1. Has region 65-84 got any residue that is in contact with a strand residue (DSSP E or B) (Cβ under 6 Å, 6 or more places away or on another chain) and surrounded by 21 or more Cβ atoms within 10 Å (Cβ to Cβ)?
2. Please determine whether any residue of region 206-222 is under 19 Å from Glu137 (Cβ atoms) and modelled with pLDDT of 95 or more.
3. Does region 109-123 include one or more residues that are without any contact (Cβ under 8 Å) to a residue 12 or more places away in the chain and within 15 Å of the chain's Cα centre (by Cα)?
4. Given the criterion modelled with pLDDT of 95 or more and either in the same structural domain as Cys136 (by TED's automatic domain parsing) or more than 21 Å from Val43 (Cα to Cα) (or both), identify the matching residue among Gly156, Gly235.
5. If you go through region 188-209 one residue at a time, do you hit one that is in contact with a Leu (Cβ under 9 Å, 6 or more places away or on another chain) and under 20 Å from His131 (Cα atoms)?
6. Would you check if Leu37 is closer than 17 Å to Phe122 by Cβ and free of Cβ contacts under 8 Å to residues at least 40 places away in the same chain?
7. Do you know which residues across region 210-241 are more than 19 Å from Arg160 (Cβ to Cβ) and either among the hydroxyl-bearing types (Ser, Thr, Tyr) or under 21 Å from the mean Cα position of the chain (by Cα) (or both)?
8. Give me the residue from region 163-187 that is among the acidic types (Asp, Glu) and within 16 Å of the chain's Cα centre (by Cα) and, out of that set, nearest to Leu134 (Cα to Cα).
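The values are calculated or read from the model by the stated rules, or taken from the named source; none is laboratory data. Given the structure is predicted, the values throughout are model-derived calculations rather than measurements. For neighbour counting, all protein chains shown are included, and Cβ atoms are generated from backbone atoms with ideal geometry for every residue, glycine included.
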Amino acid sequence: MHETAQDTDRIAATMRRSIQTLVDLSREAMGDNLLALTAFGSVVATFFDRERHTARNVLVLKRVELSGLRRLAENGEKLGKESIAAPLIMTPAYIASSLDTFPLELLEIQQHHAVVLGDDHFENLTFEETHIRLQCERELKRILIALRQGLLAAAGHVKRIERVERDVAEGLVRTIRGMLWLKGQKRFKPADEIVGEAESTIGRSLKGLRAALDENEVLAWPEFETLYHDVEALGEIVNAW
């Protein structure tokens, strides 16, 4: 494979050795089929909590071969102990054909990533506003359904309700990034800044989301109800755009 200079200086210092382990294991499992390895999200930061976070990443392959994935999967437990998330598997053709169906996921990678092996397959992606808006709308509806189902499945247990709130928070932040992108705010910002920008843009507090993102916050029914109304309001707003 053609190799570019590794962008490891943008990886959190505590994770650089672990990312190199992923590189080595991916090369061994995929061989010449491996085009690139890109890290994204919180691991591309100055601070990364190995106890709370996992390093998200993408393997870009020439073609998807299950045998290679199976070989890499044999190291799943080892990588998990290194706080490495299971890689997303993509090909250049898959990326190109997904710009209209999964733009929020690709936008999230584009906005904050580091190429640690191979070429950059995300920096020059372009997105259509219509595709971004439609996925924002779909995601907000999906999150509302997840909250309703989660509430019923929790059967009144406070800890289960809290887990539901935590689980939807990350996807909600991704959706809000897309909403802000529609308003011309296309530079990456951390989650807390994203929430503040969203509140300024829509003229409404997102108190429920703030609570769900705060790992020190005790979440129960009042916070769940507030979060639910936050999502409802965001859905109404994006529908009007």
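1. Yes: one or more hits.
2. Yes, there is a match, as at least one residue in region 206-222 is under 19 Å from Glu137 (Cβ atoms) and modelled with pLDDT of 95 or more.
3. There is no residue in region 109-123 that is without any contact (Cβ under 8 Å) to a residue 12 or more places away in the chain and within 15 Å of the chain's Cα centre (by Cα).
4. Gly235
5. Checked region 188-209: at least one residue is in contact with a Leu (Cβ under 9 Å, 6 or more places away or on another chain) and under 20 Å from His131 (Cα atoms).
6. No.
7. Within region 210-241, the first condition is being more than 19 Å from Arg160 (Cβ to Cβ), and the residues that meet it are 210, 216, 229-230, 232-241.
Correct list: Arg210, Asp230, Leu234, Gly235, Val238.
8. First pass over region 163-187, keeping only residues among the acidic types (Asp, Glu): 165, 167, 170.
Cutting the leftovers down to within 16 Å of the chain's Cα centre (by Cα) gives us 167, 170.
Values: Asp167: 22, Glu170: 19 Å.
Checking each candidate, the answer is Glu170.
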